[in-house]
Amino acid sequence: MSYALITGASKGIGKAIAEELASRGYDILLVARSQELLAQTASAISTKHQVKTDFLATDLSAENAALQVFNWCTERKYSITVLVNNAGYGLSGPMEKYSVEENRNMMQLNMIVPTMLCQLFLPMLKLQTKAYIMNIASSAAYQAVPYLSIYSASKSFVLNFSRGLHQELKNTNISVTCISPGATDTDFVVRAQIGEKGLKTASNVNMSPSEVAKIAVNGMLAGKTEVITGLVNKLGAFAAWLLPKGMVESSVMKIYK
């Protein structure tokens, strides 16, 4: 049995990507923390799209979580053709606002887990006729973001890791795509504790998770290296490249301070 495995799949962009892949005939494996939400999502996707689903409830920020996911798949003889590393979150405010452990957990989930999952599943993916890796970064990956410093740096890691891996696997059966969404109508802003100015800015350019998912899956299946969702986010990434870094950083700092 061949499946698409999606982390952070109980809600938001991850859930929408799972829905989009299921609508294209992929059987689905969901991984996230909430047993209840996963069960509901798996059942709904299976009923709506007539595909097989299963789920694993686990805290991916925990040590050895990536190995737990891999072992769960191998024990159940699930063959993975699509790996979607979507799980991640941000924390806004001064770095010292959060404990060392809170910042470490965010870095673990945003960087270490997707890297480990790619490495663990690579041999399995190479056995497929065609396989895909989708890593979710962020529009914040294109510049330093004061008061989102660790988050934006972690997403820069995801972007550059994905681009490098894409080139490493260019002449194989595996295609690697990095997706960089901007403001999306999810719970990200709640967990990140984004302030009023940030919420107001985001509300002006918010995309729906389903819009992001459709763009993401289309880009992945087209074999693209990198996809920024939405015109505003594309322009922002271009401006971050074109303008002096200090000017860009001072500008975005005003949003999150």
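A few comments on the model shown:
- Karplus (6.51, -1.76, 1.60) ³J(HN,Hα), θ = phi - 60°, over segment 211-219, in Hz, Gly and Pro reported as x: 4, 4, 4, 5, 4, 5, 5, 4, x
- Residues whose amide H comes within less than 5 Å of that of Met207, counting only those at least five positions distant or on another chain, are Thr184, Asp185 (H built at 1.01 Å from N in the peptide plane).
- For segment 1-71, the calculated P(r), taken from all Cα-Cα distances in 5 Å bins from zero up to the bin holding the longest distance, is 4, 19, 32, 24, 14, 6, 1 percent.
- Annotation note: trypsin sites (Lys or Arg not before Pro) in segment 87-161 located in DSSP loop regions with a Cβ neighbour count of at most 15 within 10 Å are Lys130.
- Segment 1-90: GluC sites (Glu not before Pro) falling in loop per DSSP and having at most 12 other Cβ within 10 Å: Glu63
- For the residue pairs Lys97/Lys234; Lys170/Lys234; Lys11/Lys126; Lys52/Lys130, the C-alpha atoms sit more than 22 angstrom apart in Lys97/Lys234; Lys170/Lys234; Lys11/Lys126.
- Inter-label distance, Gln167 to Ala62: 3.8 nm, where each label sits 7 Å from its Cα along the C-beta direction.
- Rh (Kirkwood; distinct C-alpha pairs) - segment 98-186, Å: 14.0
- Qualifying GluC sites (Glu not before Pro) in segment 93-189, where qualification requires a DSSP coil assignment and no more than 15 other C-beta atoms within 10 Å, are lacking entirely.
- Residues with amide H under 5 Å from that of Ile228, placed H, sequence gap 5 or more: Ser180
Since every read-out is calculated from the coordinates, none of them should be taken as a lab result. Being a predicted model, the structure only gives us computed values, none of them experimental. Reconstructed Cβ throughout: ideal geometry from the backbone, glycine too, with neighbour counts over all protein chains shown.
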